[in-house]
Amino acid sequence: MNQVLHQEESRQFERLLHQQRVDRVADRLAVLQAFLGHEGHMSASDCQRLLAAGGVDLEPSFVAQTLDLLTRFGLATRREFEGGPPRYEHRHLGEHHDHLICTRCGSIHEFHDPDLEALQQKVARSQGFHPLRHALHIYGLCQECLASRQPSLPLALAAPGERLRVERLAGGQGLACQLQDLGLQLGSELEVISSGGGNMVIAVKGCRVALGRGAAQKVLVSHVNNGCGTAAA
């Protein structure tokens, strides 16, 4: 079934390219074939690597431009997830799905829930709004990453969006006093806002606090599974 569908999509793409007088049709069809042969979400660099593995050498800007053409012609959907390059996925007419994105390993899981779709339609109607499209992205930890976690871990290893409880403050008395002055006491709950680059930014007791990596390594925390929102002590 997929092979028949992909052949039809290739014919449609070629026809649209000729209608729009787009150049390098053969090269663009090669990009389409690499895209259709890959399940899941593909970046422009992913597509270029697949092409190179098949002996097709195309410049990065051309590959990215062609993926945008696929989006324009309705053969792909462009997604922009936090912390990564734009990714493209197959768009089959009449189908829709949403995404669960793991902030630790970067995996993307697709799902479709009719009850959730109906609820969104209901909310839109209640506001007198006519929806045309939507994208739902839920960020968190996948099953595999959750299973691999220790009961407690250094705060420095936590992912953005995680809600955590302080279990222990390691290091000397001086560091413990500094952390307590920031609101990091035993039993305090916090939320990781960002963890890339140098300092971490966390929310604790209604305040945003920057914490160096060394200090964050000394704060042992456990996971709190009580929904989203700003952390409170």
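Taking the chain as the reference, fit the longest principal axis to its C-alpha atoms, fit the long axis of helix 25-36 to the helix C-alpha atoms, and give the angle between the two in degrees, 0 to 90, nearest 10. Result, in degrees: 50. Excluding the sites themselves, what is the longest stretch of the chain that contains no GluC sites (Glu not before Pro) in a DSSP loop with at most 16 other C-beta atoms within 10 Å? So the longest stretch without any such site is 96-233.
DSSP beta bridges fully contained in segment 98-146 are about 50 percent antiparallel. Rounded, prolate or oblate for segment 90-173? Axes are the square roots of the Cα gyration tensor eigenvalues, ordered a ≥ b ≥ c, and the cut-off for rounded is a/c under 1.5. Since a/c reaches 1.5 and a/b is larger than b/c, the shape of segment 90-173 is classed as prolate.
Backbone amide hydrogens, once placed in the peptide plane, bring Val221 within less than 5 Å of Leu153, Leu155, Glu167, excluding anything fewer than 5 places away on its chain.
Taking the Cβ of Leu16 as the center, what net charge do the other residues with Cβ under 12 Å away carry, scoring Lys and Arg +1 and Asp and Glu -1? Taking every Cβ under 12 Å from that of Leu16, the sum is +3. The GNM of the chain, with springs linking C-alpha atoms under 10 angstrom apart, assigns the highest mean-square fluctuation among Gln180, Gln20, Gln127 to Gln127. Helix-derived [θ] at 222 nm for the chain: sum -39500 (n - 2.57) over DSSP H runs of at least 4, divide by residue count, nearest 500? Helix contribution divided over all residues of the chain: -11000 deg cm²/dmol.
Could you work out which residue, out of Val166, Val22, Val209, moves most in a Gaussian network model of the chain, that is, has the largest mean-square fluctuation with Cα springs under 10 Å? Comparing Val166, Val22, Val209 in the GNM, the peak value goes to Val22.
Out of all DSSP beta bridges in the chain, what portion is antiparallel? Express it as a percent rounded to 5.
Working: 28 of 32 bridges.
Bridges in the chain are about 90 percent antiparallel.
Remark: the chain carries a charge dipole of roughly 560 debye about the Cα centre, counting +1 on each Lys and Arg Cβ and -1 on each Asp and Glu Cβ.
Against the chain, whose longest principal axis comes from its Cα atoms, helix 2-19 is set at around 70 degrees. The charge dipole of segment 149-223, taken about the Cα centre with unit charges on the Cβ atoms of Lys, Arg (+1) and Asp, Glu (-1), comes to about 80 debye, rounded to the nearest 20. Between the entries (i) 134; (ii) 116; (iii) 178, the label attached to volume of the Cα convex hull per residue in Å³ calculated for this structure is (iii).
Helix 60-72 axis versus longest C-alpha principal axis of the chain: approximately 80°, rounded to the nearest ten. For Ile193, the residues whose modelled amide H falls within less than 5 Å of its own, excluding neighbours fewer than 5 places apart on the same chain, are Gly161, Val201, Ile202, Ala203. Spread over its residues, the convex hull of the C-alpha atoms of segment 2-90 is 89 Å³ per residue. Within the listed set Leu179, Leu132, Leu169, the residue fluctuating most in the Gaussian network model of the chain (springs between alpha-carbon atoms under 10 angstrom) is Leu132. When only the Cβ of Lys, Arg, Asp and Glu is charged (+1, +1, -1, -1), the dipole of segment 2-90 relative to its Cα centre reaches about 220 debye. The H on the amide N of Cys142, modeled in the peptide plane, is under 5 Å from the matching H of Thr103, Arg104, Cys105, each at least 5 residues off or on a different chain.
Each value in this text was obtained by applying a stated rule to the coordinates, not by laboratory testing. Keep in mind that what you see is a predicted model, and the values were worked out from it rather than measured. Here Cβ is always computed from backbone atoms with ideal geometry, including for glycine, and neighbour counts include all displayed protein chains.
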